[in-house]
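Single-structure report; data block below.
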Amino acid sequence: MERPLTQDLHTDGTPLALDEYERTGGYQTLRKALLEMSPQDITNVVKQSGLAGRGGAAFPTGSKWSFVPMGPDAPRPKYLVANADEMEPGTFKDRLLLEYNPHQLIEGMILASYAIEASVSFVFLRWEYKVAGERIERAIAEAYQAGYLGKNILGSKFDLELHLHVSGGRYMAGEETGLLNALEGKRANPRSKPPFPQTSGLWGKPTIVNNVETLSNVPHIIDKGAAWFQGLSLTDEPGTKIFGVSGKVNHPGLWELPLGTPMQEIINEYAGGMRQGLTIRGVLPGGASTDFLTPENLNVPMDFKSVQKLGSRLGTGTMIVMDDKTCPVGMVLNLEHFFAQESCGWCTPCWAGTQYIERTLHAIENGEGQIEDLDRLEAHTWKLGPGNTYCAFAPGAVEPLQSALKYYRADFEEHIKQKHCPWR
Amino acid sequence: MLSDEEKKEIRAEQEMFPTNQAASIGAMLVLQKHRGWISDDTLADLADFLQLTVDELDSVATFYDKIFRKPVGDHIIRVCDSVSCWIMGYESLRDQLYQQLQIKFGETTPDHKFTLLPNVCLGDCDHAPVMMIDDRLYRNVTPEELVQILSDY
Ligand SMILES: Cc1cc2nc3c(=O)[nH]c(=O)nc-3n(C[C@H](O)[C@H](O)[C@H](O)COP(=O)(O)O)c2cc1C
Ligand code: SF4
């Protein structure tokens, strides 16, 4: 099985050094691309490959780039940002790419910058990723030294600056336009769209924001082509995906596998199945802001469309497994506490709604709930749903709640009836 | 007054961006590294240096949780309180810390040695429960190990 993103990684915890990365073919694609391909050629190959964003929304990467104004009259400077904020609870996949193969990300960023004619790029890194920060910083310095960054890269007349920015925190700093405000030194409230960042982003200039995993795929796609990339997956959505499993499984971890690998294969074979005495009651397929899937659906192929058909989302592809000895109400309370805390406060349904949800769940979990609370919670799942708030935070926040009310209603009712959490 | 070293590090932040406002978050993190937290005086000095208003800086400082506007202890303990660590029992870790340090989340020990904080998902869910002390990550932490870990500080 081919694992382009991870097959060359060390297993001893050290990152791939520059010369090791070069020996695996690293930066040779860049050389070929800068000297033999036009920016449009790069965008076209990425478009043909069908690469979809790995930050959670699966937006087609090539089309996103194609909205950037090009040519001599385009506004300048243009910017490229690698979104390394990774703050979605239960998500830890970008950490792997950042810590173990920083040059792969940098090469992807240079190629993407060339494709959109960006001259300045940033890695937007969450504060907590200290090891990643050190390694990215060193890799950037090495790339400058080797002539892969800076002026007239490899004699191509293409110039690119790359900087590391360490974030001040908050989940909303990872939302595309919240991130732009954070980089500009403002509060990470989102911006209204349109204008889209592709035409008016950082300081009003065209800007592309892509996830770390998305960008890390780019060198391989440019090197081996669109058809190769499509051949990597088991379904019609191309490429591999870094999947993760956390919770009470025997071997929690991360694995790069073909898109479309069945969920049960990942949980049972790669993560070693449930710990002794436990069974699965539910899975959040891709982070905190995705709907629960129930045990009957474990055969779902892990790709964007298949998971969506079941009423959830692939999200970040990092699964959180809920076992039969974990209280669903307590788990949803934990998730909604996160959302209530991280709401940026910009629009009322979200800041007031997430706090109401947390308070109500807290009451139910502590035996002070009323049966009518369940209807009130349900009403909030659509009040905070798509179209009613300023950004995608709130619809994401109610996804685990709405599915929990559907699948684990009896557990909520038991809390209310018994006036305490039956699991404690 | 900003020290020469602080100014040098803040200038490196300024060089990355076309505006001083953009450098403000990095600048506050620089000052915090040297001073522990951002006092009103520090904010005023930085506003002067970056030619921004104190209010502009404070609106940012109060948004981001990694910037402290109150004094903190010498070491910051951050315990992941998000979902995977919750499933794996972060609460017993928290309770053990409460007991050992005799403080709760958001508080500092009387000797100013430790400040204890909850932190959103640390992005290391396959090693849950996890916590950070200053810049160092501790994985698969058991309550029993805490005595040893804390005695290293
Ligand atoms: C509240 C919120 C937080 C987000 N956090 C991240 C993040 O930490 N990393 C990320 O890559 N995308 C995050 N996203 C998605 C981004 O808005 C954006 O879609 C993504 O970075 C685009 O990259 P892609 O097209 O390569 O997936 C977040 C979205 C929302 C609504
Ligand atoms: S939906 Fe929530 S996070 Fe998004 S703008 Fe409104 S308050 Fe902020």
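A single entry from A:Gln308, A:Gln264, A:Gln276 fulfils the requirement of being under 29 Å from A:Phe229 (Cα atoms), surrounded by fewer than 24 Cβ atoms within 10 Å (Cβ to Cβ) and free of Cβ contacts under 8 Å to residues at least 12 places away in the same chain: A:Gln308.
For the stretch A:222-255, how many residues are within 14 Å of chain B (Cβ to nearest Cβ) and either under 17 Å from the mean Cα position of the chain (by Cα) or assigned to a strand (DSSP E or B) (or both)? Final tally of qualifying residues: 10.
Residues that are in contact with a helix residue (DSSP H, G or I) (Cβ under 9 Å, 6 or more places away or on another chain), surrounded by fewer than 19 Cβ atoms within 10 Å (Cβ to Cβ) and not basic (Lys, Arg) within the stretch A:185-195 comprise A:Asn189, A:Ser192, A:Pro195, listed in sequence order. Taking the condition within 12 Å of ligand 2 (Cβ to nearest atom), closer than 21 Å to A:Gly174 by Cα and touching a Ser or Thr at 6+ places or on another chain (Cβ under 9 Å), does A:Gly385 pass? No. Does any residue of the stretch B:73-90 turn out to be in a strand (DSSP E or B) and more than 14 Å from chain A (Cβ to nearest Cβ)? Yes, the stretch B:73-90 contains at least one residue that is in a strand (DSSP E or B) and more than 14 Å from chain A (Cβ to nearest Cβ).
I'd like the full set of residues that are away from chain B (no Cβ under 14 Å) and either β-branched (Val, Ile, Thr) or not in a loop (DSSP other than H, G, I, E, B) (or both), limited to the stretch A:174-217. Residues satisfying the conditions are A:Glu176, A:Thr177, A:Thr199, A:Ile208, A:Val209, A:Asn210, A:Thr214, A:Leu215, A:Ser216, A:Asn217.
Might you let me know whether the stretch B:5-18 holds any residue that is hydrophobic (A, V, I, L, M, F, W, C), under 23 Å from A:Cys344 (Cα atoms), within 12 Å of another protein chain (Cβ to nearest Cβ) and surrounded by 14 or more Cβ atoms within 10 Å (Cβ to Cβ)? Looking through the stretch B:5-18, none of the residues is hydrophobic (A, V, I, L, M, F, W, C), under 23 Å from A:Cys344 (Cα atoms), within 12 Å of another protein chain (Cβ to nearest Cβ) and surrounded by 14 or more Cβ atoms within 10 Å (Cβ to Cβ).
Conditions tested, residue by residue: (1) surrounded by 16 or more Cβ atoms within 10 Å (Cβ to Cβ); (2) within 16 Å of ligand 1 (Cβ to nearest atom); (3) outside any helix (DSSP H, G or I).
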{"site": "A:Met331", "(1), (2), (3)": "yes, no, no"}
{"site": "A:Glu336", "(1), (2), (3)": "yes, yes, no"}
{"site": "A:Ala340", "(1), (2), (3)": "yes, yes, no"}
{"site": "A:Gly345", "(1), (2), (3)": "no, yes, yes"}
{"site": "A:Ala352", "(1), (2), (3)": "yes, no, no"}
{"site": "A:Leu374", "(1), (2), (3)": "yes, no, no"}
{"site": "A:Leu377", "(1), (2), (3)": "yes, no, no"}
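If you scan the stretch A:256-275, which residues turn out to be more than 13 Å from chain B (Cβ to nearest Cβ) and assigned to a strand (DSSP E or B)? A:Glu256, A:Leu257, A:Pro258, A:Pro262 - these are the residues of the stretch A:256-275 that are more than 13 Å from chain B (Cβ to nearest Cβ) and assigned to a strand (DSSP E or B).
Of everything listed in (1) in a loop (DSSP other than H, G, I, E, B); (2) touching a helix residue (DSSP H, G or I) at 6+ places or on another chain (Cβ under 8 Å); (3) basic (Lys, Arg), the single unmet condition for B:Lys70 is (2). Only one of these conditions is not met by A:Thr326: (1) among the β-branched types (Val, Ile, Thr); (2) more than 8 Å from chain B (Cβ to nearest Cβ); (3) surrounded by fewer than 24 Cβ atoms within 10 Å (Cβ to Cβ). Which number is it? The one condition A:Thr326 does not meet is (2).
Look at (1) in contact (Cβ under 8 Å) with a residue 40 or more places away in the chain; (2) within 16 Å of ligand 1 (Cβ to nearest atom) and you find that A:Lys193 fails only one, number (1). When A:Pro89, A:Pro75 are checked against the criterion of being within 14 Å of chain B (Cβ to nearest Cβ), in contact with a helix residue (DSSP H, G or I) (Cβ under 9 Å, 6 or more places away or on another chain) and within 30 Å of B:Ser82 (Cβ to Cβ), A:Pro89 stands alone in meeting it.
Quick one: B:Gln99 ticks every box in (1) more than 9 Å from chain A (Cβ to nearest Cβ); (2) surrounded by 23 or more Cβ atoms within 10 Å (Cβ to Cβ); (3) in a helix (DSSP H, G or I) bar one, so which box is it? Evaluating B:Gln99 over (1) more than 9 Å from chain A (Cβ to nearest Cβ); (2) surrounded by 23 or more Cβ atoms within 10 Å (Cβ to Cβ); (3) in a helix (DSSP H, G or I) leaves (2) as the failure. Would you confirm whether any residue within the stretch B:30-40 is part of a loop (DSSP other than H, G, I, E, B) and closer than 30 Å to B:Asp126 by Cβ? Within the stretch B:30-40 (the criterion being part of a loop (DSSP other than H, G, I, E, B) and closer than 30 Å to B:Asp126 by Cβ), the answer is no, since none of the residues qualifies.
Among the residues of the stretch A:372-380, is any within 16 Å of ligand 2 (Cβ to nearest atom) and either farther than 25 Å from A:Arg281 by Cβ or in contact (Cβ under 8 Å) with a residue 24 or more places away in the chain (or both)? Checked the stretch A:372-380: at least one residue is within 16 Å of ligand 2 (Cβ to nearest atom) and either farther than 25 Å from A:Arg281 by Cβ or in contact (Cβ under 8 Å) with a residue 24 or more places away in the chain (or both). Exactly one residue out of A:Arg275, A:Arg313 is under 26 Å from A:Phe338 (Cβ atoms) and over 20 Å from the mean Cα position of the chain (by Cα), and it is A:Arg275.
The single condition among (1) away from ligand 1 (no atom under 12 Å from the Cβ); (2) more than 14 Å from chain B (Cβ to nearest Cβ); (3) in a helix (DSSP H, G or I); (4) surrounded by 17 or more Cβ atoms within 10 Å (Cβ to Cβ) that A:Asp19 does not satisfy is (4). The set of residues in the stretch A:174-222 that are among the charged types (D, E, K, R) and within 14 Å of ligand 2 (Cβ to nearest atom) comprises A:Glu175, A:Glu176, A:Lys186, A:Arg187, A:Arg191, A:Lys193. Here A:Val398 qualifies as within 16 Å of ligand 2 (Cβ to nearest atom) and either more than 13 Å from chain B (Cβ to nearest Cβ) or surrounded by 22 or more Cβ atoms within 10 Å (Cβ to Cβ) (or both).
Farther than 30 Å from A:Leu278 by Cα, in contact (Cβ under 8 Å) with a residue 24 or more places away in the chain and not in a loop (DSSP other than H, G, I, E, B), is that true of B:Val60? Judged against the criteria, B:Val60 is a match.
Values quoted throughout were computed directly from the atomic coordinates according to the rules given, and no laboratory measurement underlies them. As the structure is a prediction and not an experimental result, all values here were calculated from the model. All Cβ positions, glycine included, derive from the backbone under ideal geometry; neighbour counts span all protein chains shown.
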